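Chemist: Mind having a look at this structure? Questions to follow.
The values are calculated or read from the model by the stated rules, or taken from the named source; none is laboratory data. No experiment lies behind these values; they were computed from the predicted model shown. Cβ sites come from the backbone with ideal geometry, for glycine too, and all protein chains shown count toward neighbours. Surface accessibility is based on the protein's heavy atoms, side chains included, excluding ligands, DNA and RNA. Shrake-Rupley method; radii C 1.70, N 1.55, O 1.52, S 1.80 Å.
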Amino acid sequence: MAMRDIQVIHSSVDTAAIAPVENVPGTNPLRILYVGALEPKKGVEFLIDALIACGDQLGDWQCHLI
């Protein structure tokens, strides 16, 4: 596998302002949410490739791209 340069694209979301939840929602099916631009620099294709590569290892899952 060839090494790739990694470019970190920081979010403008203030994660410190997000309060933690007391009860963690269920994880069946596993839910994956991507919110962002569908631009090559965002690397969404790597998410999709990783999900395909995992095959049945993840069990039931849903992926939503917004």
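Chemist: Mind grabbing the accessible area of Ile48 for me, 1.4 Å probe, Å², rounded to tens?
Modeler: Spelled out: Ile48, probe radius 1.4 Å, area about 70 Å².
Chemist: Oh, and also: How much length is gained on full extension from Val35 to Leu58, taking 0.36 nm per residue of separation minus their Cα-Cα distance?
Modeler: 6.2 nm is the gain from fully extending Val35 to Leu58.
Chemist: Then there is this: Using alpha-carbon pairs under 8 Å, 6+ residues apart, how would you state the relative contact order of the chain in percent?
Modeler: 44
Chemist: Using modelled backbone amide H atoms (1.01 Å from N, in-plane), which distant-in-sequence or interchain residues come within less than 5 Å of Arg31's amide H?
Modeler: Those qualifying (amide H under 5 Å, at least 5 residues apart or on another chain) are Gln62.
Chemist: Let me ask another. Accessible area of the chain with a 1.4 Å probe: how many percent of it is carbon plus sulfur?
Modeler: 58
Chemist: Please list, by residue number, every one of the trypsin sites (Lys or Arg not before Pro) in the chain that is coil in DSSP and has at most 15 other beta-carbon atoms within 10 Å.
Modeler: Loop-located and lightly packed - Arg4.
Chemist: Of the candidates Pro20, Pro40, Pro29, which one comes out as most mobile in a Gaussian network treatment of the chain with C-alpha springs shorter than 10 Å?
Modeler: Pro20
Chemist: Subtract the Cα-Cα distance of Asp49 and His10 from 0.36 nm times their separation in residues, and report this length gain in nm to one decimal.
Modeler: 11.8 nm is the gain from fully extending Asp49 to His10.
Chemist: Moving on. Per residue, how much accessible area does the chain show when a 1.4 Å probe rolls over the protein heavy atoms, in square angstrom?
Modeler: Value for the chain: 94 Å² per residue.
Chemist: With every protein chain in place, what's the accessible area of His64 (1.4 Å probe, Å², nearest 10)?
Modeler: 90
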